[in-house]
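Coordinate-derived values only; no laboratory data. Small disclaimer: the values here were computed from a predicted structure and weren't measured. Heads up, the Cβs are rebuilt from the backbone with ideal geometry, glycines too, and the neighbour counts pull from every protein chain shown.
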Amino acid sequence: MREEARKLVLDGREFLVKLPGPAVMPFLQLYRRLVADGPSDLEEARRRSEQIPGVVEEILRACVEGPIEDLGPGGQLILLSTIGDMLAEALRPEKLDLFRQERGG
């Protein structure tokens, strides 16, 4: 059975991390593009570093219940990693294959 939410305690504060819905996918895809490959130059690195905090905030606001406003970069990274782990579990290749078979693909 798929895990829909996971509780975490960071610095004594409790967070409920929820599996992202389809509306969050564009933000997750943008985050992945921003961090996947190294920037080609200093200007691109600056541009990316300006975009990343806003993208991370959108993802966390959509997927996390708890006091995210006071989290530092380390806490944000732990929450993002948890979201990624939950997505990876929900979208395991064998589950995708089963879905494709059920719909005749």
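The listed residues are 60, 28, 8, and the only one of them that is outside any helix (DSSP H, G or I) and not polar (S, T, N, Q) turns out to be 8. Among the residues of the range 41-59, those identified as hydrophobic (A, V, I, L, M, F, W, C) and touching a residue at least 24 places away in the same chain (Cβ under 8 Å) are 55, 56, 59.
When residues in the range 65-78 are screened for being surrounded by 12 or more Cβ atoms within 10 Å (Cβ to Cβ) and out of contact with any Gly (no Cβ under 9 Å at 6 or more places or on another chain), 8 of them pass.
Looking for whichever is within 26 Å of residue 91 (Cα to Cα), exposed (fewer than 11 other Cβ atoms within 10 Å of the Cβ), touching a residue at least 12 places away in the same chain (Cβ under 8 Å) and hydrophobic (A, V, I, L, M, F, W, C) here; the options are 62, 36, 23. Which one fits? Before you say what the answer is, go through the steps one by one.
Working: 62 fails: exposed (fewer than 11 other Cβ atoms within 10 Å of the Cβ); 36 fails: touching a residue at least 12 places away in the same chain (Cβ under 8 Å).
After applying the criteria, what remains is 23.
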